[in-house]
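Remarks on the structure that follows.
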Amino acid sequence: MAEHSHDDSDYSVVDQARMTLGHAPAGLYLPGIDGATRREATRLCARDYLEHHVFFNNRGFHNHLNHHLLAVFALGAPVKRLQDIFDLHKGMQRPSYSLESDVQITADNLADYVSDERHYPNFIKFFQGELEAAGE
């Protein structure tokens, strides 16, 4: 497993993760949602995506940090609260695996690796390529 950690002021993680938060319809805006909170929520979701495994333990329990961040963001939480939530959750998360350089997942061999969580980053890379090819 790879230990990844980014500085709390490092916004390059957003580009690394290729992450954006869309804009909600005008009727869904609550007080407190602004450019600064959107930017911070995006940064913290990107950090979670880059640094943590999809499971927070070895029994298959899912990491719900992004769900928590996005819920409080949507309710108008300030930037400090978003960081506090990230800090609360990060200690219980498993680090993300490193990309297995000797394995390239394709549509033809996908089923061969589907049950091996060590290849989780390889699946992410495969599906990112599929989305890009589809114009998403």
Treating the angle as unsigned and between 0 and 90°, give the value, to the nearest 10°, between the Cα long axis of helix 120-133 and the longest Cα principal axis of the chain.
-> 80 degrees
How much length is gained on full extension from residue 67 to residue 36, taking 0.36 nm per residue of separation minus their Cα-Cα distance?
-> 9.3 nm
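Based on the mean of other beta carbon atoms within 10 Å per residue, what is the order of 37-44, 124-131, most packed first?
By packing density, highest mean first, the sequence is 37-44, 124-131.
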Electrostatic dipole magnitude of region 78-136 [Cβ: Lys, Arg +1; Asp, Glu -1; Cα centre; debye, to 20] = 520 debye
Given (i) 1.00; (ii) 1.04; (iii) 1.09 as candidate values of Rg/Rh (Cα atoms, Kirkwood Rh), which corresponds to the one derived from the coordinates?
-> (i)
Under a 1.4 Å probe, what is the accessible area of the chain per residue, stated in Å²?
-> 62 Å²
In whole percent, the fraction of accessible protein surface over the chain that belongs to carbon or sulfur atoms, probe radius 1.4 Å, stands at 56 percent
Expressed in square angstrom to the nearest 10, the accessible area of residue 108 with a 1.4 Å probe stands at 150 Å²
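Given the peptides 90-103, 61-74, arrange them by the average over their residues of other C-beta atoms within 10 Å, most packed first.
Values: 90-103: 13.4, 61-74: 16.9.
With the highest mean Cβ count within 10 Å placed first, the list reads 61-74, 90-103.
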Residue-by-residue Karplus 3J(HN,Hα) for region 68-82, coefficients 6.51, -1.76, 1.60, Hz, glycine and proline x | 5, 4, 5, 5, 6, 4, 5, 8, x, 4, x, 3, 4, 5, 4
Degrees separating the helix 35-51 axis from the principal Cα axis of the chain, which is the longest one | 20 degrees
Could you list which residues have their amide H under 5 Å from that of residue 55, counting only those 5 or more apart in sequence or on another chain, with H placed in the peptide plane?
-> 63
Separation of the residue 55 and residue 100 label points, Cα + 7 Å toward Cβ, nm | 1.4 nm
Options 64, 114, 76, ranked by Cα towards positive dipole end of the chain, top entry (Cβ charges) = 76
Where nothing but the Cβ of Lys and Arg (+1) and of Asp and Glu (-1) is charged, how large is the charge dipole of the chain around its Cα centre, in debye to the nearest 20?
-> 580 debye
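The values are calculated or read from the model by the stated rules, or taken from the named source; none is laboratory data. What you see is a predicted model; the values in this text were computed from it and never measured. Don't worry about glycine lacking a Cβ; one is built from the backbone with ideal geometry, like all the others, and counts go over all protein chains shown. Ligands, DNA and RNA are stripped out before the accessible areas are found, and what is left, the full protein with its side chains, is counted by its heavy atoms. Shrake-Rupley method; radii C 1.70, N 1.55, O 1.52, S 1.80 Å.
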